[in-house]
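Here the structure is laid out as C-alpha cells; the discussion comes afterwards.
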Amino acid sequence: MSARRLPKVAGIDSAVSGPSQNPAPTPAAPSPPADAAPSAHQSASAPPTGPTGAPSAGGTPYTAVQDRLAGWVSDLTTLHELTERLAHATTLDDALRELLRAGAALVGAQRGMAALEPTDGLGPELTIGLGLGRAELGHIETIPRASGSVGRLLDGLPAPAARPPYGGERPGPAPTGQPTPDGAAPPHDAWPSEVAHPDIASEDDLDPHHREVAARLGYAASYALPLEPRAQPLAPPHDAAGHGPESATPPGADGPAGRTPVTPVNPALVVDPAPPRGRIGVVVWLYDEPTEPTARQRHLVGLYCRYAAEHIGRHIELHRDRRTVATLREELLPSRLPRVPGVRLAARHHTGPFGGGDWYDALPLPEGALGLSIGGVTGSGPSAVAAMGRLRASLRAYAVLEGEDPVAVLSDLELLLRLTEPARAATALFAYCEPAHRSVVLAGAGHCPPLLIGDEHTAYVETSLSAPLGMLACWEAPSVGIEPGPGETLLLYSDGLLRRTGAPMDQAFARLHAAAASVPRAGRRDPDAVVDHVLRAVLPDGPDAGRGPLEAADAAADTEDIVLLAACFD
C-alpha cells in the first residue's frame with residue numbers, strides 16, 4: 001500500500017521542511033522509498049527495524065516520518081481554512097480583522113492590532129484592533145517608533161534580534177535601515193522581517209514609555225510582522241539561467257546569491273487590480289504573559305501573512321479606485337447650492353459602491369429664474385461618472401439658452417446623447433422655476449415624477465409618460481405647469497431611492513408618499529428637514545445599510561445612487 005502524497009493546499013509547497021528535525025542520513029544503506037510495502041518474508045511479529053536494518057527504538061518503522069507527515073497535513077489544512085476565510089472578506093476592515101483573528105490563533109496571542117501605512121504615501125492609513133479599544137490603540141500609537149514594533153517595521157529600523165525561521169537559519173537584518181535622506185523608502189533588505197519582544201518588562205534597551213504603556217494595558221510580550229505584497233505569477237517562470245519551476249527555492253529558505261525565491265500564489269487570492277508595491281503596514285500580536293512564538297508558529301504565521309498581504313493590498317487598490325471615483329463625482333456635482341430670492345434649496349446624495357451616473361443641479365438663470373435638474377445615465381464606474389459629467393454640463397448650457405422651455409432643453413439633450421453617446425441611455429427631469437411668481441414648468445424623460453409637499457396635501461406631480469433619452473429615434477413629451485403655494489416644497493429624487501427599499505415599485509412609491517406626508521408640520525418649510533425626514537423614513541436603516549457581498553441577484557439594488565433635491569418656495 002503506497003503512502004498518501006502530501007496535498008498542495010493554499011499554494012504552499014510541500015517541500016518545506018516540517019516541524020521536526022530531519023533524521024540524519026545513514027551512509028551504510030539507502031533508505032527505502034516511502035511507498036515501499038513490507039517484504040513478504042518479514043514476519044509481523046519481528047521486531048521493528050530502522051532504515052539500516054537495526055531494530056528501531058521508536059516502535060513501528062518510520063514513526064518519525066509519519067509524525068512529520070501528520071504535522072504537515074495539519075498545518076496545511078489549517079492554512080487552507082484560514083486563507084479561505086480571508087478570501088471571503090469583502091471589505092478592507094473585514095480583511096484586517098480576519099488577519100488579526102487568524103494570526104492570534106496561529107501564534108497563541110490574546111490581542112493584537114494592524115496598522116496600515118503604505119510606503120507609497122497614497123493611503124489609506126488605518127488602525128484596527130483585536131481586543132483593544134480605541135483608547136488603548138491610541139496609547140500604543142504614542143510609543144516612539146524607534147522602540148515600538150510598528151515603527152521598527154514601518155520605518156525600516158533594525159530589529160532587536162534576528163530569529164531563525166521555521167525549518168532553517170536566516171541572517172539578521174541589515175544594520176542600516178534608516179530612510180534615505182531624500183525621503184525614499186529604505187531598500188527591501190534593510191527592513192526587519194519581524195520584531196519580537198518576549199519579555200517587555202525585562203528588556204533594558206526599550207524606551208521607558210514603551211514599558212509604561214505595556215504595563216498600563218496589561219501585555220507582557222509582543223510579536224510583529226510586516227505586510228508586504230509580493231506580486232508573483234501563478235506558475236514560476238524560467239529565470240535568465242534557464243532554471244524552471246523545479247529549481248525554485250521553497251518558501252522560507254535562502255536561495256543562491258542573485259536568485260529570487262519563487263512562491264506559487266493562492267489562486268483564491270488572485271484578483272485584479274494588482275496590489276501596491278512595498279510595505280503596506282504592520283500587524284502585531286500581544287501576549288498577557290512573557291513568551292514568544294515557537295519556530296513552527298513563526299513559520300505558519302509568516303506564510304499566512306504573505307498571502308494576507310496580497311489580499312489586503314488588492315483591497316487597498318480597490319479602496320483607492322473607489323475614492324478616486326467618489327472624488328471625481330463630487331467635483332462634477334455642485335459644490336454648493338445657489339441662493340435665489342423666493343426659494344430655499346437642499347440636496348442629499350449617496351453614491352453607490354461602484355460609482356453611479358446620477359446627478360442633480362440647480363442653476364441660476366436670467367431675470368431671477370432658477371433651473372432644477374435631476375437624472376442619471378446607464379452604467380456604473382468611472383465611465384458612467386464621466387458620461388454624467390458631460391451630460392450635466394450640456395444640460396446647463398441648453399438651460400441658459402432656452403431654459404424657459406423645458407421640452408426644448410430635453411430635446412436638445414436627447415439629440416446630443418444620441419449623436420455622442422449612442423451606446424447609453426439616460427433619464428432626466430428639468431424644471432424652470434420663477435420663484436417671484438411661484439411658477440414651475442417642468443418636463444421629464446423617463447424620470448420619476450416629483451412630489452409636491454404642502455401643509456394640507458402631498459401629491460405626485462402628474463407628468464406625462466415618456467421614454468428615457470436615447471431610447472427612441474426622436475424624443476418629445478409635453479411640459480407640465482404647477483403653482484406651488486407659500487411654504488410648499490417641490491421634491492425631486494432619483495429612482496435609486498425607490499430601488500434601495502427592495503420593494504416592488506408600486507409599494508416603493510407608496511412608501512415615499514407616506515414618508516413625505518409624515519414630515520412634521522414644523523419642518524415642512526425647511527428643505528433640509530424635509531429631505532432628512534424622507535430619507536430616514538424610506539430607508540430606516542440608512543442609505544448604506546445592506547452593503548456587503550453582492551452575491552444575490554436582488555443585491556444589485558444596493559449599488560444604486562440616491563439623490564434628493566428639495567426646493568421650498570416662500
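The values are calculated or read from the model by the stated rules, or taken from the named source; none is laboratory data. These figures come from a predicted structure and were not determined experimentally. Note that each Cβ is placed from the backbone with ideal geometry, even for glycine, and that neighbours are counted across all protein chains shown. Calculation scope for accessible area: heavy atoms of the full protein, side chains included, ligands and nucleic acids excluded. Shrake-Rupley method; radii C 1.70, N 1.55, O 1.52, S 1.80 Å.
H299: out of contact with any strand residue (DSSP E or B) (no Cβ under 9 Å at 6 or more places or on another chain) and open to solvent by 10 Å² or more (accessible area, probe 1.4 Å), yes or no?
Details: out of contact with any strand residue (DSSP E or B) (no Cβ under 9 Å at 6 or more places or on another chain): yes; open to solvent by 10 Å² or more (accessible area, probe 1.4 Å): yes.
Taking the combined requirement at face value, the residue satisfies it.
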Of the residues in the range 113-152, those that are open to solvent by less than 30 Å² (accessible area, probe 1.4 Å) and within 17 Å of I312 (Cα to Cα) number 10
Does any residue of the range 175-188 turn out to be open to solvent by less than 70 Å² (accessible area, probe 1.4 Å), at pLDDT below 50, under 24 Å from W285 (Cα atoms) and assigned to a loop (DSSP other than H, G, I, E, B)? yes
I want to confirm something. Restricting to the range 305-338 and keeping residues that are open to solvent by 20 Å² or more (accessible area, probe 1.4 Å) and hydroxyl-bearing (S, T, Y), which single residue is nearest to F430 (Cα to Cα)? S335
Do you know which residues across the range 310-347 are in contact with a Ser or Thr (Cβ under 7 Å, 6 or more places away or on another chain) and charged (D, E, K, R)? R329
Looking for something surrounded by fewer than 13 Cβ atoms within 10 Å (Cβ to Cβ) and at pLDDT below 50 - is there at least one such residue anywhere in the range 189-206? yes
How many residues are open to solvent by 20 Å² or more (accessible area, probe 1.4 Å) and either part of a loop (DSSP other than H, G, I, E, B) or of a type outside the set (S, T, Y) (or both) if we restrict to the range 400-412? 8
Sole exception among (1) in contact with a Gly (Cβ under 8 Å, 6 or more places away or on another chain); (2) more than 22 Å from D495 (Cα to Cα); (3) among the small types (G, A, S) for S335, by number: (1)
Six or more apart or on different chains, Cβ atoms under 8 Å: show the pairs whose first residue is in the range 84-105 and acidic (D, E) and whose second is open to solvent by 20 Å² or more (accessible area, probe 1.4 Å) and in a helix (DSSP H, G or I). E84/A268; E98/R85
Mind listing whichever residues of the range 415-428 are over 35 Å from the mean Cα position of the chain (by Cα) and either open to solvent by less than 10 Å² (accessible area, probe 1.4 Å) or among the hydrophobic types (A, V, I, L, M, F, W, C) (or both)? L415, L416, L419
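Which residue, of E292, E246, is open to solvent by 20 Å² or more (accessible area, probe 1.4 Å), farther than 27 Å from L122 by Cβ and modelled with pLDDT of 90 or more?
Numbers: E246 fails: modelled with pLDDT of 90 or more.
That would be E292, the only listed residue that is open to solvent by 20 Å² or more (accessible area, probe 1.4 Å), farther than 27 Å from L122 by Cβ and modelled with pLDDT of 90 or more.
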Provide a single number: the residues in the range 106-118 that are touching a Leu at 6+ places or on another chain (Cβ under 8 Å) and closer than 16 Å to L225 by Cβ. 9
Pairs, first free of Cβ contacts under 8 Å to residues at least 60 places away in the same chain and among the charged types (D, E, K, R) in the range 113-141, second surrounded by 15 or more Cβ atoms within 10 Å (Cβ to Cβ) and in a loop (DSSP other than H, G, I, E, B), C-beta under 6 Å, six or more apart: E125/E117
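Okay, residues lined up against (1) assigned to a helix (DSSP H, G or I); (2) more than 16 Å from A309 (Cβ to Cβ); (3) at pLDDT 90 or above; (4) not small (G, A, S):
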{"residue": "P61", "(1), (2), (3), (4)": "no, yes, no, yes"}
{"residue": "A64", "(1), (2), (3), (4)": "yes, yes, no, no"}
{"residue": "D67", "(1), (2), (3), (4)": "yes, yes, no, yes"}
{"residue": "A70", "(1), (2), (3), (4)": "yes, yes, no, no"}
{"residue": "D75", "(1), (2), (3), (4)": "yes, yes, no, yes"}
{"residue": "L82", "(1), (2), (3), (4)": "yes, no, yes, yes"}
{"residue": "L86", "(1), (2), (3), (4)": "yes, no, yes, yes"}
{"residue": "L96", "(1), (2), (3), (4)": "yes, no, yes, yes"}
{"residue": "L99", "(1), (2), (3), (4)": "yes, no, yes, yes"}
Suppose we filter the range 334-373 for residues that are under 30 Å from the mean Cα position of the chain (by Cα) and in contact (Cβ under 8 Å) with a residue 40 or more places away in the chain; how many remain? 13
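Counting only residues that are at pLDDT 90 or above and open to solvent by 20 Å² or more (accessible area, probe 1.4 Å), give me the strands (runs of 3 or more DSSP E) lying completely in the range 445-527 with at least 1 of them. Before you say what the answer is, go through the steps one by one.
On the way: elements: 451-453, 458-460, 480-482, 489-493.
Result: 451-453, 458-460, 480-482.
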